[in-house]
Amino acid sequence: MKSSSPLDHSRMRRLLLSLVLLLLFSPPRIAGGGELFPEYDVIRANIRFWEQIYSRYDSGQGVIHDTERLDIVYEVIELAQHGSVPREVEQKRIDGVKNRYRDILRKLAAGKPGNPTERRVLALFGKEAGKKELLAASERIRCQRGVKDRFREGVIRSGRYLEEMKGIFRKAGLPEDLAYLPHVESSFNYQAYSKFGAAGIWQFTRETGKRYLTIDYAIDERRDPIASTRAAARYLKKNHELLDSWPLAITAYNHGESGMCRAKEQCGSFPAIYRKYDGKSFGFASRNFYAEFLAARRIAANYRKYFGDITLDPPAKRIETALSGYLPIAVVRDHFRLDDEVIEAYNPALRPPVYSGEKHLPKGYVLNLPARETIRKQLAALGKGRFLDGQKASAYHVVQKGETASRIAATHKIRLRDLLAANNLDKNGAIYAGQTLRLPGKSGGGKTAPAVPSLAATAKKTAARPAGKTAAGEEPVAEPRMIADAGATAERLTHIRTLSRDGVRHAVFKVAAEETLTHFSDWSLVPLPTLRALNRLGGAQTIHSGQEIVVPLSRTSLSALEAARIDFHQEMEQDFFASWEVASVTTYRVKKGDTLWKICNETLELPVWLLKKYNQHVDLETLRTDQELRVPKVIDKTGSARKLS
């Protein structure tokens, strides 16, 4: 073998030194790898746009832009902070700006550039822009509110759980940078709750969340950052196994795995899907979701570059213990000497009925406690005798003819105000025969469950607003008949009748808003295929509000099924009104082609059950053109919503 010369050794040393310097001074590579999360040319402009939204423009600014070419920004306008002016007033101003640019584009399409603004707009499209392109652009004008301030707050909040979340993804064999996705979903707002019932930092809907998490009247693990992250890891891993692409798997988090499977089958790769796919619900949000993730990931991983030397919340240090039985909240308070605020901070999954004493902490629940030595000793001293064998049953009362709320409260020895609050009744306690009322448990010294706020209280708040705060054509919330109509449960939730088939008792139910066949399967413990066959429903067929379905009572009692059903609706309303409040009521005139789904999901952005609550005497399943509907206008109380205009 030929020996190395001194020159060879010198070159080798210089090469090694260069490699060391390169490793020391090169910019840090974001975990996960660029090959896993490619920045396709087709979305580079989108990524830059969302970087600006997240790090340059705050929530007091609105960016007027093209929905398909996000490199085209017409103007940045000043907006009021959320809730400071009625949304309709703000929207009218936004629409005025959009209409001005729509007129400019139409004028340019006619070949008549005139003033400097028109020439500036034409320059955005380049010299080759033709009439067809300009006319199309006139229909693609949108306003996006900035979120710099909220994104910054989210980065600070993320310090509490981010490293633990990254560890969860690593343990699952997934890229740890997926832990940045909640910046897109919720800005790491642990209390985030959408109008349509998506909850927590990962914004799981109830339907998707139930696949991986416990969601019931006592606990909602969607609100627990760690439990929901484990669920998100399982869901994203499943998406990736189905789609074999992280851009597609991440987009499926927004659009749904079935929708993305169809998109992949039709178009193939992510760039092809972005350019060509025209699925019914593949709109602006789904098309941009992956680009938003890439932008959020870049900013959050390098937050000092964008926000300066901010201090992140310290990591959460806690003691976890799985409960061997059912445990009253009073035991947790007394034994560990903790108030409800501390318990809630460590256990965001616990719902208000636990604190009010209506429900116990469930068996198997992982209780989180402050990481203190005294707590460890107290935990070791918590004897098995403090645990109970079963959950506390929900208590209900079916209103009989002639009964009043005060008489029912006296009969069951509960406070009238607790009965009214638990059932979203106004101060007059208007009830009707056949209505099912929840009987709240006594608080036992803890805080009362913040059930649906009474509309009377909302009315009082609205009435105290300065004149001019209600948009033209709206009713103030204090309008009496609105309270009378909406104060009670919108639909009767008891069974219609019972019947016997093959020696088994069955109950017939009228489907209420938001209910699915899966819900009835969960409540009755009857397998979904059995329910489908019994009701002659095909594999892809869904049930709708007002439909009658038959449910066998072979695995549970009728009272237990109805209690679980009422729990579901109470939980949904309580959670909604904890984050949203009704500010006023206006009207909507049904247009040709409108359906209940389209009106609620695309036009009004309201849950079906809420619209039904304000239109109890209207058959919303058979709408007529020009029919008028009463529409509640809701305001985000938490400031977590990111409205897209």
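Equivalent-ellipsoid semi-axes (√(5λ), Cα gyration tensor) for the range 65-174, whole Å, largest first?
Square roots of five times the eigenvalues give 39, 20, 11 Å.
If a/c stays under 1.5 just call it rounded; otherwise compare a/b with b/c (prolate if a/b is bigger, oblate if not). Do that for the range 187-255, with a ≥ b ≥ c from the square roots of the Cα gyration tensor eigenvalues. It would help to have the intermediate numbers written out before the result.
Values: a/c = 2.04, a/b = 1.71, b/c = 1.19.
Prolate.
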Expressed per residue, the solvent accessible area of the range 505-568 in Å² (1.4 Å probe) is about 43
Which of the three applies to the range 291-406, rounded, prolate or oblate, going by the alpha-carbon gyration tensor with a ≥ b ≥ c and a/c under 1.5 meaning rounded? oblate
What are the aspartates and glutamates whose alpha-carbon lies under 17 Å from the alpha-carbon of Lys413, with same-chain residues fewer than 8 places away excluded? Glu358, Glu403
Straight-line reach only, C-alpha to C-alpha below 18 angstrom: list the lysines that Lys132 could link to, leaving out same-chain residues fewer than 8 apart. Lys107, Lys112
Does the range 163-310 come out rounded, prolate or oblate by the C-alpha gyration tensor, with a ≥ b ≥ c the root eigenvalues, rounded set by a/c under 1.5 and, if not, prolate when a/b is larger than b/c and oblate if not? oblate
Which pairs break 29 Å Cα to Cα here: Lys210/Lys637; Lys401/Lys612; Lys598/Lys637; Lys401/Lys633; Lys131/Lys280? Lys401/Lys633
For the range 259-335, the percent of all C-alpha pairs falling in each 10 Å bin, from 0 up to the bin holding the max distance, is 13, 23, 15, 17, 24, 7, 0
Just add up the charged neighbours of Ile77: K/R +1, D/E -1, any other residue whose Cβ is under 14 Å from the Cβ of Ile77. +1
Neighbour-limited loop hits for trypsin sites (Lys or Arg not before Pro), the range 301-379 (at most 14 other Cβ within 10 Å; DSSP other than H, G, I, E, B): Lys317, Arg337, Arg372
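The values are calculated or read from the model by the stated rules, or taken from the named source; none is laboratory data. Just so it is clear, the model here is predicted, and its values are computed rather than measured. For neighbour counting, all protein chains shown are included, and Cβ atoms are generated from backbone atoms with ideal geometry for every residue, glycine included. Just so you know, the surface numbers come from the protein's heavy atoms only, side chains and all, with ligands and any DNA or RNA stripped out. Shrake-Rupley method; radii C 1.70, N 1.55, O 1.52, S 1.80 Å.
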